[in-house]
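Below: the structure, in structure tokens.
The values are calculated or read from the model by the stated rules, or taken from the named source; none is laboratory data. Quantities reported herein were computed from a predicted structural model and do not represent experimental measurements. Reconstructed Cβ throughout: ideal geometry from the backbone, glycine too, with neighbour counts over all protein chains shown. Each accessible area value is taken on the protein alone, full model and side chains, heavy atoms only, with ligands, DNA and RNA left out. Shrake-Rupley method; radii C 1.70, N 1.55, O 1.52, S 1.80 Å.
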There are 2 protein chains.
Amino acid sequence: MGQHKASKIVDCTIRDGGLVNNWDFSVEMVQYLYSSLNEAGVEYMEIGYKNSPRLLGGADSAGPWRFLNDDFLKKIIPQKMNTRLSALVDIGRVDENDILPRSESVLDLIRVACYSKDVDKAIDLVEKFHGMGYETTINIMALSNVMEKDLLENLAMIKDSPVDVVYVVDSFGSLDMSDIQYLVEKFKRHLPEKKLGIHAHNNMQLAFANTLTANQLGVEYLDASVYGMGRAAGNCPTELLVTHLKNPKYNLRPVIDMIEKYMVPLREKEEWGYLIPYMITGTLDQHPRSGMALRNSEDKDRFVKFYDKMTTPELVHDK
Amino acid sequence: MGQHKASKIVDCTIRDGGLVNNWDFSVEMVQYLYSSLNEAGVEYMEIGYKNSPRLLGGADSAGPWRFLNDDFLKKIIPQKMNTRLSALVDIGRVDENDILPRSESVLDLIRVACYSKDVDKAIDLVEKFHGMGYETTINIMALSNVMEKDLLENLAMIKDSPVDVVYVVDSFGSLDMSDIQYLVEKFKRHLPEKKLGIHAHNNMQLAFANTLTANQLGVEYLDASVYGMGRAAGNCPTELLVTHLKNPKYNLRPVIDMIEKYMVPLREKEEWGYLIPYMITGTLDQHPRSGMALRNSEDKDRFVKFYDKMTTPELVHDK
């Protein structure tokens, strides 16, 4: 299939996958993933969140990938390879004083996730990170729930910001290829100078297809995770992008090795992927949290009861 | 997404799913599926194969859905509902004397699966079934391995046959949306008077996306199976088509009920779906049989070893 020549894969296994297992990844696993992705030719690895525990009510029991610390990162990745490192921050949860200048950090890319109403705050953060030397992205979440006029306002503000890449994010996994086409064309028209990215979820088994569709339309930054690991239905699988994109530097074997060694055993303990409750939240254009609550309850396989609840308007206070 | 107005779903759960469990479905389950599909608005249910045990070396231990018998079918489905019934036959394995005239059978549709080299034989069978009153299809398998000149010869022969529907079949699950577009446009150009169908496999997580793409281009007959049950990586999930296609007669709830009641328990005993060995055979454009053999061996999770074998040309005698 046609593809943009400058495609880049951004592997989110640790960051988005951490939402599944509370970032309980061993240092050995994360090091092995970094080396595997590097060997596979993957351009970026998002190694966690750079939010501040102070702004999230304490570090609780989460693994170190939830609140990345630069000293810790330098210790575990003493030698940078070709794969660049990324961290995600959320509006209102990041303390700018926690961020070192890029020259003193192992991080290369800082991505700012926000809802449409907070794009102004995202731009403010981006300006600071940009000034510190980082590559930056703005990831506007839950686009399927944003009114056109608000989105156009967002894009107009972003247009004049220093941000490098702007993401189309299908947070609820509710979009199909024609929705992606519609959004990408809108982003391209209103942000002609910006590079674009896509972050897809697999609720309707369309994460890979939507990512390919976006790429064919010129979207360069393609989020993925190994074996699709990510919250609820998970993401576009890294292995599928690595094998499918036409670029001689990509190498499938190290990704398969990573899956065999770490992801299959992990999938036996933790759950993500195409499951009916997430298909239901996806098709209803809802956040997956109600599906995740179901899967953590005794009613985990009572899909019809869940569907009836989700389709009874007065019972849904969830969106 | 745009879709053809006359779309029809052909549920293959029993027929293709039987390749997973040797057609070991209880009569109660098949009856429940029939009633669920009818309530869901699904147009066709393929209830099995109508091959002859004599031509396959005896009925062995397979369930009754492998060698459908009209008397048996009449007994278990005494009352036809809106959902029509279909059976698949293979070239060289069907005894025409086993087929009753449609007026005496509960079957409505007979589909003939063949490889490109046997299209002449498929047309011969179709002419007979057509003469007996059945709706008919020809399903040309393994299109990704057919040379253009052979395919054009096939289509020229089919053009003048009485067959109602001609299928694009992605037997190896190796095609992406642009491949599907290429094939569908070729079929449309060379078979302007025929209706088209698609049968996709999910090796690359593209079965649903490829089916939607085909449908948007005018393909009317959409094969699917509940919870994707089918050989190896399985098929396009019926539940996704039912929820996604814009047609008020489709109803997701009975499909979810079927999944909760039968398919989740069955998936705990039997294996199908997106698994790395099938991703590997898909991306290599190979029949999944080597992946199936791996999954039935002690090496079932040794993906790298399998990948190395499959990518060493002198070790692959498989295609």
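Here is how the numbers come out for the structure above:
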| read-out | value |
| --- | --- |
| Residue ID - farthest from B:Glu260 (Cα to Cα), chosen from residues in the stretch B:226-241 that are facing another protein chain (nearest Cβ under 10 Å) and open to solvent by less than 10 Å² (accessible area, probe 1.4 Å) | B:Cys236 |
| Residue check, A:Tyr32 hydroxyl-bearing (Ser, Thr, Tyr), assigned to a helix (DSSP H, G or I) and modelled with pLDDT of 95 or more | yes |
| Selected residue [touching a helix residue (DSSP H, G or I) at 6+ places or on another chain (Cβ under 8 Å), open to solvent by less than 40 Å² (accessible area, probe 1.4 Å) and within 20 Å of B:Arg267 (Cβ to Cβ)] from B:Phe25, B:Phe67 | B:Phe25 |
| Some residue of the stretch A:170-179 being open to solvent by 40 Å² or more (accessible area, probe 1.4 Å), part of a helix (DSSP H, G or I), modelled with pLDDT of 95 or more and within 29 Å of B:Asn210 (Cβ to Cβ) | yes |
| From the options B:Ala200, B:Ala209, residue that is touching a strand residue (DSSP E or B) at 6+ places or on another chain (Cβ under 7 Å) and touching a residue at least 12 places away in the same chain (Cβ under 8 Å) | B:Ala200 |
| Residue match in the stretch A:71-86 (condition: surrounded by fewer than 21 Cβ atoms within 10 Å (Cβ to Cβ), farther than 24 Å from A:Val27 by Cα and touching a residue at least 12 places away in the same chain (Cβ under 8 Å)) | no |
| Boolean, A:Thr283 is within 11 Å of chain B (Cβ to nearest Cβ) and farther than 18 Å from A:Ser171 by Cα | no |
| B:Tyr307 vs. criteria touching a residue at least 40 places away in the same chain (Cβ under 8 Å), surrounded by 16 or more Cβ atoms within 10 Å (Cβ to Cβ), aromatic (Phe, Trp, Tyr) and out of contact with any strand residue (DSSP E or B) (no Cβ under 6 Å at 6 or more places or on another chain) | no |
| Pick from the stretch B:112-143, criterion open to solvent by 40 Å² or more (accessible area, probe 1.4 Å) and assigned to a helix (DSSP H, G or I), ranking: nearest to B:Asn203 (Cα to Cα) | B:Lys117 |
| Matching entry among B:Gly63, B:Gly92 (being at positive phi and not in a helix (DSSP H, G or I)) | B:Gly92 |
| Boolean, B:Val264 is within 13 Å of chain A (Cβ to nearest Cβ) and touching a residue at least 24 places away in the same chain (Cβ under 8 Å) | yes |
| Evaluation of B:Met204 against (1) of a type in the set (A, V, I, L, M); (2) buried (at least 22 other Cβ atoms within 10 Å of the Cβ); (3) more than 13 Å from chain A (Cβ to nearest Cβ) (one fails), failing number | (3) |
| Set B:Ser36, B:Ser105, B:Ser52: member being within 14 Å of another protein chain (Cβ to nearest Cβ) and either closer than 30 Å to B:Lys188 by Cα or in contact with a helix residue (DSSP H, G or I) (Cβ under 6 Å, 6 or more places away or on another chain) (or both) | B:Ser36 |
| Failed criterion for B:Phe67 (all others in (1) free of Cβ contacts under 8 Å to residues at least 24 places away in the same chain; (2) over 20 Å from the mean Cα position of the chain (by Cα) hold) | (2) |
| B:Leu37 vs. criteria touching an Asp or Glu at 6+ places or on another chain (Cβ under 6 Å), of a type outside the set (D, E, K, R) and either assigned to a loop (DSSP other than H, G, I, E, B) or open to solvent by 20 Å² or more (accessible area, probe 1.4 Å) (or both) | no |
| Checklist (1) within 12 Å of chain A (Cβ to nearest Cβ); (2) of a type outside the set (A, V, I, L, M); (3) buried (at least 22 other Cβ atoms within 10 Å of the Cβ) applied to B:Trp272, failing item | (1) |
